[in-house]
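*Asks:* Got a structure for you, questions after.
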Amino acid sequence: MAKAQKAGVGHDAGKVKRPHARGGETWRRLRKNNIAFISLFILIALAVFALLADVIAPYPYSEQDPASFLQTPSAAHIFGTDQYGRDIFSRVLYGARISLSVGFIAVGVALVSGGLLGAIAGFYGGRVDNVIMRCMDILLSIPSVLLALAIVAAFGTSVINLMFATGISTVPSYARLVRSSILSIKDQEFVEAARAVGTSDAVIITKHILPNCLAPILVQATFGVATAILTVAGLSFVGLGLQPPIPEWGSMLSDARIYIRDYAYMMVPPAVAIALTVFCLNALGDGLRDALDPKLRD
């Protein structure tokens, strides 16, 4: 009996002392950050609205009604209508789908391309590192918006080209981040042990090094989505983004600026949508940075 009780106590003690999984600990610490947690909730809600735009939107985004043009917000059109009689609320919902998808896919392109180049440069070093990073320095010397403008002007203003242009302009940032993370990890004992047992370089990079670099990469990607959304909105605002009648927040602002004196309500929904989305992404990035920081773990 005493042995059983002792074994039971030891078993329970082992359970109590077992550390939380890293993901669970990060989630627990993120929930303590009220601003970051509310921002995450808003972003999820915005993504759901964007996905369900076909169901939620009261009107098709391109449906024109000349009898209802430039109507102020009302029960029929809660955000009002634009100069073509199109419902602004419906266009904002569909615009969320465009802006979020372009932002996330552009960051995915930059993360995969820049992460791969940074991983190769940091792991092998020497001449390979010099060649890759000097190419990244050349790209960094060109302002990202100007580089995106040049790519869009050269290849056209389709959704694919916008994603490509926005992603390529931020590749150097991810390459440098991954490279610096790998330089601080590649000489640690677990990497040396993997080399000692004959593990290939590709497996060492993908299974041993990159997973330990995820924290800074995830935080940078969160900020990167906000930057990508602003870049796409800026390109559309100057006429190099998606062309009408496709709804995009930047192009909606560009169309509404002509009527700002008499119909200022047209600018409010897309402007608030851009500001709210970017603010929530930045707040979430700050929260993730704090939650993933091992120095702040309790």
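The values are calculated or read from the model by the stated rules, or taken from the named source; none is laboratory data. Computed from a predicted structure; not experimentally measured. Glycine gets a Cβ as well: all are built from the backbone with ideal geometry, and neighbour counts include every protein chain shown.
*Asks:* In segment 49-88, which residues are in contact with a Pro (Cβ under 7 Å, 6 or more places away or on another chain) and of a type outside the set (Val, Ile, Thr)?
*Replies:* 61, 62, 79, 80, 85, 87
*Asks:* Continuing with this model, one more query. Provide a single number: the residues in segment 200-220 that are among the small types (Gly, Ala, Ser) and within 15 Å of residue 291 (Cα to Cα).
*Replies:* Summing the residues that are among the small types (Gly, Ala, Ser) and within 15 Å of residue 291 (Cα to Cα) in segment 200-220 gives 1.
*Asks:* Here is a list of conditions, (1) of a type outside the set (Lys, Arg); (2) surrounded by fewer than 24 Cβ atoms within 10 Å (Cβ to Cβ); (3) within 19 Å of the chain's Cα centre (by Cα), and residue 110 meets all of them except one; can you say which number that is?
*Replies:* Only one criterion in (1) of a type outside the set (Lys, Arg); (2) surrounded by fewer than 24 Cβ atoms within 10 Å (Cβ to Cβ); (3) within 19 Å of the chain's Cα centre (by Cα) is unmet by residue 110, namely (2).
*Asks:* Inside segment 254-295, can you point out the residues that are part of a helix (DSSP H, G or I) and more than 22 Å from the chain's Cα centre (by Cα)?
*Replies:* 254, 255, 256, 257, 258, 259, 264, 265, 266, 268, 294, 295 - these are the residues of segment 254-295 that are part of a helix (DSSP H, G or I) and more than 22 Å from the chain's Cα centre (by Cα).
*Asks:* If you take the residues of segment 91-107 that are crowded, with 19+ Cβ neighbours inside 10 Å and without any contact (Cβ under 8 Å) to a residue 60 or more places away in the chain, which of them is nearest to residue 227 (Cα to Cα)?
*Replies:* Selected residue: 97.
*Asks:* Within the set of pairs 6+ apart or on separate chains, which have a first residue in segment 267-287 that is without any contact (Cβ under 8 Å) to a residue 60 or more places away in the chain and at negative phi, a second that is in a helix (DSSP H, G or I) and polar (S, T, N, Q), and C-beta atoms under 6 Å apart?
*Replies:* So the pair list comes out empty.
*Asks:* Please state which one of 242, 218 is among the aliphatic types (A, V, I, L, M), part of a helix (DSSP H, G or I) and touching a residue at least 12 places away in the same chain (Cβ under 8 Å).
*Replies:* Sole residue among the options that is among the aliphatic types (A, V, I, L, M), part of a helix (DSSP H, G or I) and touching a residue at least 12 places away in the same chain (Cβ under 8 Å): 218.
*Asks:* For a quick check of your reading: which helices (runs of 4 or more DSSP H) sit entirely within segment 10-75 and have at least 2 residues that are modelled with pLDDT under 85?
*Replies:* Because the criterion is at least 2 residues that are modelled with pLDDT under 85, the helices (runs of 4 or more DSSP H) in segment 10-75 that meet it are 22-32.
*Asks:* Pick out the one residue from 162, 240 that is out of contact with any Phe, Trp or Tyr (no Cβ under 6 Å at 6 or more places or on another chain), more than 25 Å from residue 284 (Cβ to Cβ) and surrounded by 15 or more Cβ atoms within 10 Å (Cβ to Cβ).
*Replies:* When all the criteria are applied, what remains is 240.
*Asks:* When the residues of segment 141-171 are narrowed to those that are closer than 17 Å to residue 117 by Cβ and part of a helix (DSSP H, G or I), which ends up farthest from the chain's Cα centre (by Cα)?
*Replies:* Filtering segment 141-171 for residues that are closer than 17 Å to residue 117 by Cβ and part of a helix (DSSP H, G or I), the one farthest from the chain's Cα centre (by Cα) comes out as 147.
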